[in-house]
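What follows is calculated from the coordinates using simple rules that are stated; it is not laboratory data. Not measured: the values here are computed from a predicted model. All Cβ positions, even for glycine, are placed from backbone atoms using ideal geometry, and neighbour counts span all protein chains on display.
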């Protein structure tokens, strides 16, 4: 089998870590991904968050052991065949960055922390690829370990997406420590979940849906339990959930309940997941919900497939932002082309990180003036704020941070970037972007200046034709001021 036709998704969830390997097959209807192999480890990462929202050593160790196992399975995979994403627990953990360094070494691949709505988009993509296109409007609910995602969409296109900070692990720890269950506590858990769902209920109910689908571990477990014990004929029903609630209350503790199809690893998080699902059914007025085997990891595979076929959702997002904020596209194109040209000169051939940093630079150049939609004054700060905080489908949080940092630094003082860039190549990208903006200040389609940017033992050298500099005194003055600005933060940039 040709390994280049294999793709792998790694899902670092708050309850379980999962690896899914898929085989890409080209069909008359387009490329499809068929599951080939999978691994699951019940890490329960969310249970390792202490009151200060730091991951404890024990949960980190469980996670690293799981990732080392996944890493062994993925040893023959190239970087562009694998995408690893982390969800709610690593979104909120204050020591996530330190943990991710060790986690990436254990796995052997980069790990992206994705935002809640990006998680929702990927979940919907995974679920929608398992349902016929004529299914109509679909509501997808995914109760994870630390967050719950809600999506309404048609076909493969999500229309409405939300992520709420509640999950089966966090609710089980908060309301049912030790698995103890009583009527009052279960009601409190339901009310807490109802309060969260009510925030989004109006928009979702107004949009409407023809089919409700539950995805991920909680929905799958509930569906299996209800069917196996005769609480529901198929899927998840309101009556079935109420009968399961009665069974748990009668047992008094999740560890003592005797139910068919209840797996040992699901027992500790069953009460929290049930309370959330009861609240979802109550607030959104759901009577029946189908269960999907697909979830986040399948969505990651299809997103990865799109990237391999040059249908990258991140490029779509950049295009949408350009339209929404009325970007001056000719200027963005000029700046991008020159910035990338300078970057390639300075990096040289065969640099390992060249493709990734080039993409980051292209995105930053495309949107560096997005803040002009708010105000010309300090527009670069408005641009960076928008890019740091907007929902950007396809982008990881780290990608957003890097793009926003480059945009923040494309003009003005460089000292504001202290601690915001991840390495020398990011600083180089900032330099290339600043030079391109400076050189195209006239915002006109003139011939690109004959400049060459190269690395030196001291920093960077910018070579320019003396006659061209003499003919462009404002540009020469600006370039020399730029060199002085870099000197303030300890970088040597020389105009030669």
Rounded to 10°, Cα long-axis angle of helix 238-251 versus longest principal axis of the chain: 70
Peptides 10-23, 33-46 ordered by average Cβ neighbours within 10 Å, highest first: 10-23, 33-46
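On average, how much area does the Cα convex hull of the chain cover when viewed from any direction, in nm²? Intermediate values should be presented prior to the final figure.
Values: hull surface 103.8 nm².
That works out to 26.0 nm².
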5 Å binning of all Cα-Cα separations within the stretch 99-257, expressed as whole percents from 0 upward: 2, 8, 14, 18, 19, 16, 11, 8, 4, 0
Angle in degrees between helix 473-487 and the longest Cα principal axis of the chain, rounded to the nearest 10: 50
Principal-axis tilt of helix 296-308 within the chain, Cα atoms, nearest 10 degrees: 30
Prolate/oblate/rounded label for the stretch 295-361 (Cα gyration tensor, a/c 1.5): oblate
Alpha-carbon centroid distance for the pair the stretch 367-424 / the stretch 27-86, whole angstrom: 30
√(5λ) per eigenvalue of the Cα gyration tensor, the stretch 206-283, largest first, Å: 22, 13, 12
Cα gyration tensor category, rounded, prolate or oblate, for the stretch 312-449 with a/c compared to 1.5: rounded
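Pulled fully out, how much extra length does the chain show between residue 495 and residue 253, if you take 0.36 nm times their separation in residues and subtract their Cα-Cα distance? Let's see the in-between values first.
On the way: separation 242, 0.36 × 242 = 87.12 nm, distance 7.34 nm.
So the chain would gain 79.8 nm between residue 495 and residue 253.
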The chain: calculated mean residue ellipticity at 222 nm from DSSP helix runs of at least 4, using -39500 (n - 2.57): -15500 deg cm²/dmol
11 Å cut-off, amide nitrogen to a point 7 angstrom out along residue 488 Cα→Cβ, residues in the stretch 358-379: none
